[in-house]
Amino acid sequence: DRTLAVFTSGGDAQGMNAAVRAVVRVAIYLGCKVYFIKEGYQGMVDGGENIVEATWSSVSSIIHQGGTIIGSARCMDFKERQGRLKAAANLVEKEINNLVVIGGDGSLTGADLFRQEWSSLLEELVSNKTISQEQLDKHKNLKIVGLVGSIDNDFCGTDMTIGTDSALHRIIEAIDAIVSTAYSHQRTFIMEVMGRHCGYLALVAALTSEADYVFIPEIPPPDDWQTKLCKKLEQERTAGQRLNIIIVSEGAIDRNGKAITAEQVKKVIEDNLHQDTRITVLGHVQRGGCPSAFDRVLGSRMGAEAVLALMEAEDTAEPCVISLDGNQAVRLPLMECVKLTKEVAKAMAEKNWQRAVELRGKS
Ligand code: F6P
């Protein structure tokens, strides 16, 4: 069947529009009917005017825009079976048998669950007379392909998620800007960056800005980090450096799993070194603005590959995720990637830092 729908879900990310554009245009080129599902899973649950046909021109002039033109949401309704039941009915009504979901970890996990439940959802819809047996027969298979759109780069199986590169550009621009004022006043700046439980943004930002110290969730600092941090900052000042930059990932933790916050780091520096210290929380600036060239290309390649994967897959194929492996777009089983991503979270919850780092390395 050649009817497919595309939607973006969870936190938006720069480059999602490039992916949406590629999905729509490649699908139309291949003779498919394409729908937008607006506002992520919420739009799928609510149906109605949230599910509209896409045209070639509806994705014109969007490749350079940040965010997602079809909206996104973190949907609570879809987490309940009742919500997924409504979503299934809306897809059957529009005769949609193929889905492209562009989102992060949680969104792709939701897609995996939806696919596993699909038959039972349809059976329930027949038994409560929402759809006919004939409709069930026609729609008994739902094919799903996932694209990883998230600034966090926290999904196992892909080298880079759509949006990460642009977020890094935002972060680096901000740090460069801070450095000039920090230099003038001989100040120390603590920059808090996003990434949820993944330290990728913080780590790359630290490496590329010559930061003096970085706190990331996967490698909690030694128990005496306060002493080590102060020694390092002092060393740099003694060597003639006029400023210090410290990057704190929003998910940073100590070896007991307790959060390390920017405020806490500031207090350590002020109490021990009496340095003039400021905090800058970059927040959603990191997710905003235009996508980088890399993210435009990544989104476009992933979107095109997603449509090809759907068209080439058997009706009963398991969901796959389009990943970047080196410079290649590859198709991996969605279920395995979700499982591996969950294992990282489990290893971190169990304070098995070495395993968490190994698993992240694998991804
Ligand atoms: O997952 C992307 C992300 O930006 C995380 O880095 C951050 O923790 C979270 O989303 C913020 O979520 P919200 O936009 O709902 O505040």
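What follows draws every value from the coordinates through simple rules; no lab data is involved. Keep in mind it's a predicted model, so treat the numbers as computed, not measured. All Cβ positions, glycine included, derive from the backbone under ideal geometry; neighbour counts span all protein chains shown.
Restricting the stretch 179-215 to residues that are surrounded by 17 or more Cβ atoms within 10 Å (Cβ to Cβ) and among the polar types (S, T, N, Q) leaves a set whose member that is farthest from Arg360 (Cα to Cα) is Thr188. Regarding Gly251, is this residue in a loop (DSSP other than H, G, I, E, B), in contact with a strand residue (DSSP E or B) (Cβ under 9 Å, 6 or more places away or on another chain) and on the phi < 0 side of the Ramachandran plot? Taking the combined requirement at face value, the residue satisfies it. Would you be able to say whether some residue in the stretch 337-360 is assigned to a helix (DSSP H, G or I) and over 26 Å from Glu250 (Cα atoms)? Among the residues of the stretch 337-360, not one is assigned to a helix (DSSP H, G or I) and over 26 Å from Glu250 (Cα atoms), which makes the answer no.
Determine whether Ile253 is within 26 Å of the chain's Cα centre (by Cα), away from the ligand (no atom under 16 Å from the Cβ) and surrounded by 15 or more Cβ atoms within 10 Å (Cβ to Cβ).
Working: within 26 Å of the chain's Cα centre (by Cα): yes; away from the ligand (no atom under 16 Å from the Cβ): no; surrounded by 15 or more Cβ atoms within 10 Å (Cβ to Cβ): yes.
Answer is no for this residue.
Residues that are basic (Lys, Arg), under 28 Å from Asp276 (Cβ atoms) and touching a residue at least 24 places away in the same chain (Cβ under 8 Å) do occur in the stretch 169-178, at least one of them.
Does Ser166 fit the bill of being part of a helix (DSSP H, G or I), within 16 Å of the ligand (Cβ to nearest atom) and either without any contact (Cβ under 8 Å) to a residue 40 or more places away in the chain or in contact with a Ser or Thr (Cβ under 7 Å, 6 or more places away or on another chain) (or both)?
Working: part of a helix (DSSP H, G or I): yes; within 16 Å of the ligand (Cβ to nearest atom): yes; either without any contact (Cβ under 8 Å) to a residue 40 or more places away in the chain or in contact with a Ser or Thr (Cβ under 7 Å, 6 or more places away or on another chain) (or both): yes.
Considered against the rule, which asks whether it is part of a helix (DSSP H, G or I), within 16 Å of the ligand (Cβ to nearest atom) and either without any contact (Cβ under 8 Å) to a residue 40 or more places away in the chain or in contact with a Ser or Thr (Cβ under 7 Å, 6 or more places away or on another chain) (or both), Ser166 comes out as yes.
A Cβ distance below 8 Å, combined with a sequence gap of six or more or placement on separate chains, defines the contacts here; from the stretch 142-153, residues that are more than 16 Å from Cys337 (Cα to Cα) and touching a residue at least 24 places away in the same chain (Cβ under 8 Å) reach residues that are within 15 Å of the ligand (Cβ to nearest atom) and aliphatic (A, V, I, L, M) in the pairs Ile151/Ala13; Ile151/Ala167; Ile151/Met194; Ile151/Leu201.
Do you know which residues across the stretch 34-76 are touching a residue at least 40 places away in the same chain (Cβ under 8 Å) and within 16 Å of the ligand (Cβ to nearest atom)? If the condition is that a residue be touching a residue at least 40 places away in the same chain (Cβ under 8 Å) and within 16 Å of the ligand (Cβ to nearest atom), then Gly40, Tyr41, Gly66, Gly67, Thr68, Gly71, Ser72, Ala73, Arg74, Cys75 are the ones that fit. Just one of the numbered conditions (1) within 14 Å of the ligand (Cβ to nearest atom); (2) part of a helix (DSSP H, G or I); (3) farther than 27 Å from Val101 by Cβ is not true of Asp176: (1).
When restricted to residues that are more than 16 Å from the ligand (Cβ to nearest atom), part of a loop (DSSP other than H, G, I, E, B) and either closer than 18 Å to Thr280 by Cα or in contact with a Pro (Cβ under 7 Å, 6 or more places away or on another chain) (or both), the stretch 196-239 contains 3.
Considering only the stretch 281-298, state which residues are touching a helix residue (DSSP H, G or I) at 6+ places or on another chain (Cβ under 9 Å) and either part of a loop (DSSP other than H, G, I, E, B) or within 16 Å of the ligand (Cβ to nearest atom) (or both).
Just the residues of the stretch 281-298 that are touching a helix residue (DSSP H, G or I) at 6+ places or on another chain (Cβ under 9 Å), to begin with: 281-282, 285-298.
Result: Val281, Leu282, Val285, Gln286, Arg287, Gly288, Gly289, Cys290, Pro291, Ser292, Asp295.
You will find that of Met44, Met76, the residue that is surrounded by fewer than 21 Cβ atoms within 10 Å (Cβ to Cβ) and not charged (D, E, K, R) is Met76 and no other.
Taking the stated definitions as given, is Phe189 in a strand (DSSP E or B) and either touching a Leu at 6+ places or on another chain (Cβ under 9 Å) or within 16 Å of the ligand (Cβ to nearest atom) (or both)? Yes, satisfied.
Scan the stretch 145-158 for residues that are hydrophobic (A, V, I, L, M, F, W, C), crowded, with 24+ Cβ neighbours inside 10 Å and either over 8 Å from the mean Cα position of the chain (by Cα) or more than 8 Å from the ligand (Cβ to nearest atom) (or both) and jot them down.
Val145, Leu147, Val148, Phe155
This table checks each residue for (1) touching a residue at least 40 places away in the same chain (Cβ under 8 Å); (2) exposed (fewer than 15 other Cβ atoms within 10 Å of the Cβ).
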{"residue": "Glu263", "(1), (2)": "no, yes"}
{"residue": "Lys267", "(1), (2)": "no, yes"}
{"residue": "Ser292", "(1), (2)": "yes, no"}
{"residue": "Arg301", "(1), (2)": "yes, no"}
{"residue": "Ala309", "(1), (2)": "yes, no"}
{"residue": "Leu332", "(1), (2)": "yes, no"}
{"residue": "Val344", "(1), (2)": "yes, no"}
{"residue": "Lys351", "(1), (2)": "yes, yes"}
{"residue": "Gly361", "(1), (2)": "no, yes"}
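Can you find a residue in the stretch 172-186 that is in contact with a Leu (Cβ under 7 Å, 6 or more places away or on another chain) and closer than 21 Å to Thr8 by Cβ?
no
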